[in-house]
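Read-outs throughout are calculated quantities, based only on the coordinates presented, and are distinct from any laboratory measurement. This is a predicted model, so every value here is computed, not measured. Here the Cβ positions follow ideal geometry from the backbone for every residue, glycine too, while neighbour counts run over all protein chains shown.
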Amino acid sequence: QYKADAKNDMCRVVSGEIELQFETGMPQVANLEDKSEQLQESWAPYHAGLTAHEAGHQKIFRRLGQELSRAFSRVGEVACNDLSDKLERVADRVSMRIQQMSEDYDVETNHGGFTTPSLQGRPE
């Protein structure tokens, strides 16, 4: 959400609030205590590594809020009836850049494989 100042049919963003919510689906193993010892021993380090990797994605996406706020404030004055479209285009560009950063992070980390210990045994 943003607030705009209007003067002579020209508008500029004067303040805004960006709210991001993260929901990360993490794998679970039902009845872990009934699984192989190998799986039980490897599950906690695997899950911790995966959690740390996903936190990296969240850090990248938190930048989205910061960058959107800065980008909106740099829009300057535009015709009031064009402001919404202009902000949407700006948001799309910033979002695409952040999405690319997240994809690059997956490539650089091998989707977390470089820092996440291997899971041993089968959850079945």
Of the residues in segment 20-79, those that are under 23 Å from Tyr2 (Cα atoms) and in contact with a His (Cβ under 9 Å, 6 or more places away or on another chain) come to Phe22
Within segment 66-124, residues in a helix (DSSP H, G or I) and of a type in the set (Lys, Arg) come out as Arg70, Lys86, Arg89, Arg93, Arg97
Q) Does Val29 fit the bill of being among the hydrophobic types (A, V, I, L, M, F, W, C), without any contact (Cβ under 8 Å) to a residue 24 or more places away in the chain and in contact with a helix residue (DSSP H, G or I) (Cβ under 9 Å, 6 or more places away or on another chain)? A) no
Q.
Residues that are among the polar types (S, T, N, Q), under 13 Å from Leu119 (Cβ atoms) and in a loop (DSSP other than H, G, I, E, B): does segment 5-13 have at least one?
A. no
Exercise. Would you be able to say whether some residue in segment 40-61 is closer than 19 Å to Val94 by Cβ, touching a residue at least 12 places away in the same chain (Cβ under 8 Å), touching a helix residue (DSSP H, G or I) at 6+ places or on another chain (Cβ under 9 Å) and in a strand (DSSP E or B)?
Key: no
Residues of segment 34-49 being over 30 Å from the mean Cα position of the chain (by Cα) and exposed (fewer than 13 other Cβ atoms within 10 Å of the Cβ), in sequence order, are Asp34, Glu37, Gln38, Glu41
Quick count over segment 70-89, residues being exposed (fewer than 15 other Cβ atoms within 10 Å of the Cβ) and within 8 Å of Cys11 (Cβ to Cβ), is 1
